[in-house]
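Report on one structure; see the data block that follows.
The values are calculated or read from the model by the stated rules, or taken from the named source; none is laboratory data. On a predicted model such as this, the values are computed, not experimentally measured, just so you know. Using ideal geometry, Cβ is built from the backbone for each residue, glycine included, and neighbour counts are taken over all protein chains shown.
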Amino acid sequence: MRQSAVSFEANGLKFEGILSTPDDLTGNIPGVVVCHPHPLFGGNMHNNVVSAVTYHLSTVGIASLKFNFRGVGNSEGEHSKGDLEYQEVVAAQKMLSEWPGINSTNIGIVGYSFGTRVILRHPELQEFPRAFAFISPSIEALEESTLKNDNRPKFVISGTKDKLLQSNRLTEVLNQFVHPPIINSVEGADHFWANMEDLAVEPVSMFFHENLT
């Protein structure tokens, strides 16, 4: 996997990121934007799950762009509780789609925890991706999602010990989607996936391989 430190701008703010590509990058390949967990609880683009996602995507021939949300690391701005973070996601999608060797019409997006909430809540960033994956979302984020009437492929993965998604209302909420997400539950995993990252991200990378390549 090759990694390049990058920066991009959104609404007058500068953001830092890392663009990862397979070692044998040839022709136009798909790309996926990766959104990290909650900044106020230590979440950033170097998170264990986020880093595992980028690596596994590269093994199936998919590039990725992970970045720090506003106010995290060297990214400018201040945390806005998810209200404005969609702006940097839109800019990240644009940058990835314009990167040499990336197929601009074959972009996906994945979020982990807080990152899923940003994706699920904001139609402004939902126009471009061809497929969506959500790692450890909350039942509330799914219930409030503006993607309910969308037909594009969607994938949800969570641990059986993750209380955010273990709800007797899950089936009811997912049935509200015109195209319900595929659900994958990992026995014994909690919200943080400590030492179980591969069990979270291997199914995610295969989902994108099946829907983007």
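Output the qualifying pairs, or none if there are none: Cβ atoms under 6 angstrom, residues six or more apart or on different chains, first residue in segment 152-175 and over 13 Å from E140 (Cβ atoms), second residue crowded, with 22+ Cβ neighbours inside 10 Å and of a type in the set (S, T, N, Q).
Sorted first by the residue in segment 152-175, then by its partner, the pairs are S158/S136; D162/S136.
Does K154 fit the bill of being under 20 Å from E210 (Cβ atoms) and basic (K, R)?
On the way: under 20 Å from E210 (Cβ atoms): yes; basic (K, R): yes.
Criteria met by K154.
Give the number of residues within segment 79-134 that are under 16 Å from G17 (Cα atoms), hydrophobic (A, V, I, L, M, F, W, C) and touching a residue at least 60 places away in the same chain (Cβ under 8 Å).
The number of residues fulfilling the criteria is 8.
Quick test for you: out of V201, V173, pick the one residue that is out of contact with any Ser or Thr (no Cβ under 7 Å at 6 or more places or on another chain), surrounded by 17 or more Cβ atoms within 10 Å (Cβ to Cβ), under 18 Å from V50 (Cβ atoms) and of a type outside the set (S, T, N, Q).
On the way: V173 fails: under 18 Å from V50 (Cβ atoms).
Matching residue, one of V201, V173: V201.
Does segment 160-167 contain any residue that is of a type in the set (D, E) and either under 19 Å from V34 (Cβ atoms) or touching a Ser or Thr at 6+ places or on another chain (Cβ under 8 Å) (or both)? Explain how you work it out, then say what you get.
Kept after step one, since they are of a type in the set (D, E), are these residues of segment 160-167: 162.
Keeping just the survivors that are either under 19 Å from V34 (Cβ atoms) or touching a Ser or Thr at 6+ places or on another chain (Cβ under 8 Å) (or both) gives 162.
Yes: one or more hits.
Listed residues V90, V110; which is surrounded by 17 or more Cβ atoms within 10 Å (Cβ to Cβ), within 30 Å of T160 (Cα to Cα) and in contact with a helix residue (DSSP H, G or I) (Cβ under 7 Å, 6 or more places away or on another chain)? Walk me through how you get there before you give the answer.
Details: V90 fails: within 30 Å of T160 (Cα to Cα).
Among V90, V110, only V110 is surrounded by 17 or more Cβ atoms within 10 Å (Cβ to Cβ), within 30 Å of T160 (Cα to Cα) and in contact with a helix residue (DSSP H, G or I) (Cβ under 7 Å, 6 or more places away or on another chain).
Identify the residue in segment 68-81 that is among the small types (G, A, S) and either surrounded by fewer than 19 Cβ atoms within 10 Å (Cβ to Cβ) or at pLDDT below 95 (or both) and, among all such residues, is farthest from M45 (Cα to Cα). Give the derivation first.
Looking only at segment 68-81, we keep the residues that are among the small types (G, A, S), and these are 71, 73, 75, 77, 80.
Now restrict to residues that are either surrounded by fewer than 19 Cβ atoms within 10 Å (Cβ to Cβ) or at pLDDT below 95 (or both): 71, 73, 80.
Numbers: G71: 12, G73: 9, S80: 17 Å.
Among residues in segment 68-81 that are among the small types (G, A, S) and either surrounded by fewer than 19 Cβ atoms within 10 Å (Cβ to Cβ) or at pLDDT below 95 (or both), the one farthest from M45 (Cα to Cα) is S80.
Return the pair list, or none, for Cβ contacts closer than 6 Å from residues in segment 52-67 that are at positive phi to residues that are part of a loop (DSSP other than H, G, I, E, B) and surrounded by fewer than 24 Cβ atoms within 10 Å (Cβ to Cβ), at least 6 apart or on different chains.
From segment 52-67, the pairs are G61/P22.
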